[in-house]
Amino acid sequence: MFLRPELPKLALTALAVVSLTAATEMDPINPTCPLNPNWSANPTMKLTVEKRGAMKVMLAEGRVDSGLPDRLSAALKANPDVSEIWLRSPGGDARAGNAAGRIIRSNPGLATRIPSGWACFSACNFVFMGGAPRLIEPGGEFIVHMFTSTGDRSLIDESVAMGTDATTELIGDVEQDSALLASEDNDFLIKMGVSRKLLTDIMYRQKAVRGSGPDKSTRRCLTLDEALKYGVTYAVE
């Protein structure tokens with residue numbers, strides 16, 4: 001059992017307010033998730049080291065970009081006494097997320113945390129899974145979706161406008177790269193201790209892009225019970 005450190009009262013109050021606000025307005029398209037997830041608008045992931053009580057933590061906020069693994073490795077080398085990495089991110093480069101997760105795992109005892117009111121989506125999941133232990137506070141959001149190499153609807157529309165041959169070529173490229181990416185991501189998640197049932201019961205039941213039927217959801221927010229059940233996180237007290 002991992003005991004959460006005491007945070008300053010002001011920080012706890014701020015997190016509680018954010019969490020309460022998010023919880024009161026849910027996404028009608030993705031009804032398990034808040035309408036406006038607090039996952040940061042930074043175009044690349046910003047790494048900031050701060051003291052929180054007696055603990056030094058690294059705040060990792062923003063899009064997972066291809067340069068993240070190198071920046072993360074350098075930041076951890078410069079701050080070897082960081083004990084936790086706190087995450088909020090809209091996702092990004094899945095392969096960079098895998099690489100960042102492996103870097104975290106190579107630092108024994110380095111924990112990852114999704115604080116109350118923060119959201120970790122898509123490629124951020126792989127960064128989070130590198131932690132040992134991994135902690136999701138009540139009100140923190142671990143958001144999953146289907147593995148795919150493109151969710152860019154404009155790219156699909158463009159290929160359709162170019163004709164059947166262009167569309168067929170795009171579909172072939174997407175299928176091939178998505179299969180490779182899914183294989184890499186599956187292997188990483190299972191090695192990090194997640195249950196295979198998370199993939200079969202949750203992730204692969206999501207749509208890659210918003211459909212035209214009654215169910216238009218493309219993402220799924222795990223409950224804390226589900227996160228515990230599938231081995232995504234450990235109990236937090």
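The values are calculated or read from the model by the stated rules, or taken from the named source; none is laboratory data. These figures come from a predicted structure and were not determined experimentally. Areas reflect the complete protein model, heavy atoms only, side chains present, ligands, DNA and RNA absent. Shrake-Rupley method; radii C 1.70, N 1.55, O 1.52, S 1.80 Å.
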Q: With the full set of protein chains in place, find how many percent of the accessible area of the stretch 82-121 is carbon and sulfur; take the probe as 1.4 Å.
A: 54 percent
**Q.** Gyration tensor verdict on the stretch 81-135 (Cα atoms; rounded if a/c is under 1.5, prolate if a/b is larger than b/c, oblate otherwise)
**A.** oblate
